[in-house]
1. Residues of segment 250-262 being on the phi < 0 side of the Ramachandran plot and surrounded by fewer than 20 Cβ atoms within 10 Å (Cβ to Cβ), which ones?
2. Could you tell me whether residue 288 is closer than 21 Å to residue 182 by Cα and either in contact with a helix residue (DSSP H, G or I) (Cβ under 9 Å, 6 or more places away or on another chain) or surrounded by 12 or more Cβ atoms within 10 Å (Cβ to Cβ) (or both)?
3. Could you list all residues from segment 225-249 that are surrounded by 15 or more Cβ atoms within 10 Å (Cβ to Cβ) and in a loop (DSSP other than H, G, I, E, B)?
4. What is the residue count in segment 339-359 for residues that are surrounded by 19 or more Cβ atoms within 10 Å (Cβ to Cβ) and either in contact with a helix residue (DSSP H, G or I) (Cβ under 7 Å, 6 or more places away or on another chain) or closer than 26 Å to residue 287 by Cα (or both)?
5. Return a yes/no flag: does segment 284-291 have any residue that is within 30 Å of residue 90 (Cα to Cα), under 24 Å from the mean Cα position of the chain (by Cα) and in the same structural domain as residue 155 (by TED's automatic domain parsing).
6. Could you run through segment 315-344 and say how many residues are in the same structural domain as residue 135 (by TED's automatic domain parsing) and within 12 Å of residue 355 (Cβ to Cβ)?
7. Which of the numbered conditions does residue 153 fail, given that it passes all the others? Conditions: (1) buried (at least 24 other Cβ atoms within 10 Å of the Cβ); (2) farther than 30 Å from residue 296 by Cα; (3) touching a helix residue (DSSP H, G or I) at 6+ places or on another chain (Cβ under 8 Å).
8. Taking the conditions exactly as written (assigned by TED's automatic domain parsing to the domain that holds residue 157, free of Cβ contacts under 8 Å to residues at least 12 places away in the same chain and either closer than 27 Å to residue 370 by Cα or more than 25 Å from the chain's Cα centre (by Cα) (or both)), does residue 252 satisfy them or not?
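The values are calculated or read from the model by the stated rules, or taken from the named source; none is laboratory data. Values in this document were obtained by computation on a predicted structure and should not be read as measured data. Here Cβ is always computed from backbone atoms with ideal geometry, including for glycine, and neighbour counts include all displayed protein chains.
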């Protein structure tokens, strides 16, 4: 079968993660990369063995050999790049958040539908095998009636005033950071495993570090720097370091979570627990190959990733036999497998339901983020109207 030719806009931290795990599919060739200028693009192309390098993303969007574009650059570019690529007839895969605001997101949803092009937002965390198993357990009603869902997403990479990334500035990131950058993963995942939408929210946010030292030189994402006087400029921060959110889901389910990027020692701790009338289940991303199952009247269980013991629908997301751990890269490979096999089946033309987050999912998460921010502003519960 003919291979799919792919282009990338952005090759910073997450772009190479996409590329590495996309190549595992075997039928997608990364043919082009676009970066902030030609020198940066040339370096990225050489490092990642990509044939074409563009110093202007518009040239990649116009490249007729490219049929799919991954957008893995700063959030401020998501909308213009996605719109141009859709108008050029290309399928588009965007890192979250989809755009800087809901109006832009809605426009992209409508444009992709009009063009009948495949569109996806990379909420990859839901594609760990045991998260998919949790979804099947809940669908089979093993937990009984669902009462509660709780959790958190904690990171520490922005816990010092010398920690800087473009995400801390709203002009690049958008008006939300902790919610849009990390809580969005949690909210998408929990809605998927429950099969229920978030209908109302109550939020509280904090900027713990109101002034940060912005390096005068480029530094890698997630790196820890020691800056001397004269090597930085001080900037006021206008995106939140923390959010606590209460949720009301469909079917009367109640929820709560904390998201923060200033928690020393918590490198990338995403976790959730679902409590039902019969059982509870819990999962965390730092131990992704196991699922805790709690009962009242019999011993608790620890279910380990084993394709022989898992539900049929979850089994397809397992890449290796029992006892061999699967992690972050495998979750990326799994979401790309869903997206690219959908492209091969011409799913958007044949009206096949996608098994991955689409632009509509990205838009709905942005609606929830807006509702949380409105709640913070008003001190009241705010409905999402999804």
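1. 250, 254, 256, 258, listed by residue number.
2. yes
3. Of segment 225-249, the ones surrounded by 15 or more Cβ atoms within 10 Å (Cβ to Cβ) are 225, 227, 232, 237, 239-249.
Passing the criteria: 225, 227, 237, 239, 240, 241.
4. 5
5. No, because not a single residue in segment 284-291 is within 30 Å of residue 90 (Cα to Cα), under 24 Å from the mean Cα position of the chain (by Cα) and in the same structural domain as residue 155 (by TED's automatic domain parsing).
6. Adding up the residues that qualify gives 2.
7. Unmet for residue 153, out of (1) buried (at least 24 other Cβ atoms within 10 Å of the Cβ); (2) farther than 30 Å from residue 296 by Cα; (3) touching a helix residue (DSSP H, G or I) at 6+ places or on another chain (Cβ under 8 Å): (2).
8. So residue 252 fits the description; yes.
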